[in-house]
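Enquirer: Shown below is the structure under consideration.
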Amino acid sequence: MTEAATRLRRTPGAPAWASLMVHELEVGMEFYRGLFGWEFQSGPRQLGPYVRAVVGGHEVAGLGKKAPGRGLPVAWLPYLASDDADDTAAGVRSYGGTVAVGPLDAESAGRMAIVADPHGAPFGLWQDAHLPGLGNAPRGTLGAPVWFELVTRETHSVVKFYQAVFGYKAEAVEAPGTDYLTLYADGRPVAGIHGVGESLPRDRGPHWRTYFAVEDPDVVAGRATGLGGQVVRGPDDSPYGRLATLADPEGAHFSVIRPAAPAH
């Protein structure tokens, strides 16, 4: 990973990690191993039974076992970088969000919390201890997260929360009938907010979606069904690349995308 990429990952508000808490950890590991070719390493222990997914020697995501009685949904969560997880969690509260877990230490790797925005979309905070390894995959690594997107009813009100907490700059995507904002940290696009109006799933509410880079979304979608998952939408072409939205055996939604080649 380049020094510039490492610096961006630690910029407040930039995605630093992606994590999924499931009921059956072995089932989840088997699914994602078959889907993306992930290998797994154990820890941090403070998160309970937890493993880190590895592709080509790079850590790309985490899977853990849900604690009994914890009400958080089975869903992929982005962890957004913070210089001080306690201070950022306090900011989440002061701007109308909630703190569900933490802040707490994750062994010597860093400090984390799970929070939610004022509309109820959960996400994580990650304060990096500046140790090598965690989330160190080069951008575009197949099987690694490549984009994070908040799916919510409308962008106008909720973007103010994220700007207040993380200092984002926001830029609207100019397209008829589209309510979409790109969020920038340190001058680089790091995430999006997609307002979908009445199309927001009633059973899920506002939520963050994780996109994983793959070589062929059609092949991966077919593989997902063979592993006990489902195809929720697609595969379809988009201005950003061919993509599909999938669900794993416990119903956690995520997207896979073959990023479009940059224009020259």
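The values are calculated or read from the model by the stated rules, or taken from the named source; none is laboratory data. Computed from a predicted model, the values in this text were never measured in an experiment. Neighbour counts are summed over all protein chains in view; Cβ atoms, including those assigned to glycine, are modelled from backbone coordinates with ideal geometry. Heavy atoms of the whole protein, side chains included, go into the accessibility calculation; ligands, DNA and RNA do not. Shrake-Rupley method; radii C 1.70, N 1.55, O 1.52, S 1.80 Å.
Enquirer: Which is the longest part of the chain that has none of the GluC sites (Glu not before Pro) sitting in a DSSP loop with at most 11 other Cβ atoms within 10 Å?
Expert: Working: sites that count: Glu174, Glu215.
Answer - 1-173.
Enquirer: Sorted by packing (mean other beta-carbon atoms within 10 Å per residue), highest first, where do 115-121, 205-211 land? Walk me through the intermediate numbers first.
Expert: Values: 115-121: 18.7, 205-211: 20.4.
Result, highest mean first: 205-211, 115-121.
Enquirer: Another question, if that's okay. At a 1.4 Å probe radius, which order do Asp105, Asp128 fall into by accessible area, largest first?
Expert: Values: Asp105 80, Asp128 25 Å².
Sorted by accessible area, descending: Asp105, Asp128.
Enquirer: Using a 1.4 Å probe on the protein heavy atoms, what percent of the accessible area of the chain belongs to carbon and sulfur? Display every interim value, and only then the final one.
Expert: Numbers: 6300 of 12330 Å².
Of all accessible area on the chain, carbon and sulfur atoms account for 51 percent.
Enquirer: Work out from phi, with θ = phi - 60° and the Karplus expression 6.51 cos²θ - 1.76 cosθ + 1.60, the ³J(HN,Hα) of each residue of segment 59-64, listed in order in whole Hz, and give x for Gly and Pro.
Expert: For segment 59-64, the Karplus-derived couplings read 6, 10, 6, x, 10, x Hz, x marking Gly and Pro.
Enquirer: Select from Phe31, Ala224, Val101 the residue farthest towards the positive end of the dipole of the chain; place +1 on Cβ of Lys and Arg, -1 on Cβ of Asp and Glu, and compute about the Cα centre.
Expert: Most positive-ward Cα: Val101.
Enquirer: Given the -39500 (n - 2.57) contribution per DSSP H run of 4+ residues, what per-residue ellipticity at 222 nm results for the chain, rounded to the nearest 500 deg cm²/dmol? Mind dumping the intermediate values first?
Expert: Working: 5 runs with 51 residues, N = 264.
So the calculated ellipticity at 222 nm is -5500 deg cm²/dmol.
Enquirer: If you plug each phi of segment 28-33 into the Karplus form 6.51 cos²θ - 1.76 cosθ + 1.60 with θ = phi - 60°, what whole-Hz ³J(HN,Hα) values come out, in order, with x for Gly and Pro?
Expert: x, 4, 5, 5, 6, 5
Enquirer: Run the quick spin-label model on Ala90 and Gln41: label points 7 Å from Cα toward the beta carbon, then report their separation in nm to one decimal.
Expert: Result: 3.4 nm between the two label points.
Enquirer: Compute, for Asp83, the solvent-accessible surface of its heavy atoms (probe 1.4 Å) with the complete set of protein chains present, and express it in square angstrom to the nearest 10.
Expert: 120
Enquirer: Under the Kirkwood approximation applied to all pairs of distinct alpha-carbon atoms, what is the hydrodynamic radius of segment 137-216 in Å?
Expert: About 13.6 Å for segment 137-216.
Enquirer: Using the Cα centre of segment 57-102 as the reference point, and only Cβ charges (+1 on K/R, -1 on D/E), how large is the resulting charge dipole? Debye, rounded to the nearest 20. Walk me through the numbers on the way to the answer.
Expert: Numbers: 4 positive and 5 negative charges, 87 e Å.
Charge dipole of segment 57-102: 420 debye, to the nearest 20.
Enquirer: Next question, about the same structure. With a 1.4 Å probe and every protein chain left in place, work out the accessible area per residue of the chain in Å², rounded to a whole number. Spell out each step's value before the answer.
Expert: Details: 12330 Å² over 264 residues.
Each residue of the chain exposes 47 Å² on average to a 1.4 Å probe.
Enquirer: For segment 55-94, run through the trypsin sites (Lys or Arg not before Pro) and keep only the ones in DSSP coil with at most 15 other Cβ atoms within 10 Å of their Cβ.
Expert: Here the trypsin sites (Lys or Arg not before Pro) that fit, given the DSSP loop and packing criteria, are Arg70.
Enquirer: Amide H neighbours of Val146 under 5 Å, counting only residues 5+ apart in sequence or on other chains, H built in-plane at 1.01 Å?
Expert: Tyr211, Phe212, Ala213
Enquirer: Heavy atoms of the protein only, probe of 1.4 Å, neighbouring chains included. What is the accessible area of His253 in Å², nearest 10?
Expert: Looks like 50 Å² after rounding.
Enquirer: Continuing with this model, one more query. Karplus couplings for segment 162-179 from phi (6.51 cos²θ - 1.76 cosθ + 1.60, θ = phi - 60°), rounded to Hz, Gly and Pro as x?
Expert: 5, 5, 5, 6, 10, x, 4, 9, 10, 10, 6, 7, 7, 8, x, x, 10, 10
Enquirer: So for the chain, considering every pair of alpha-carbon atoms, how many percent are separated by more than 30 Å? If you can, show how the numbers build up before the last one.
Expert: Details: 7596 of 34716 pairs.
Every Cα pair in the chain considered, those over 30 Å come to 22 percent.
Enquirer: Return the loop-located chymotrypsin sites (Phe, Trp or Tyr not before Pro) in segment 28-124 (DSSP other than H, G, I, E, B) with at most 14 other Cβ atoms within 10 Å of their own Cβ; answer none if there are none. Don't skip to the end; give the middle numbers.
Expert: Details: sites: Phe31, Tyr32, Phe36, Trp38, Phe40, Tyr50, Trp76, Tyr79, Tyr95, Phe123; in loops: Trp38, Tyr95.
Filter output for segment 28-124: empty list.
Enquirer: In cubic angstrom, how much convex hull volume per residue do the alpha carbon atoms of segment 173-215 span?
Expert: Numbers: hull volume 5.4 nm³, N = 43.
Per-residue hull volume (Cα only) is 125 Å³.
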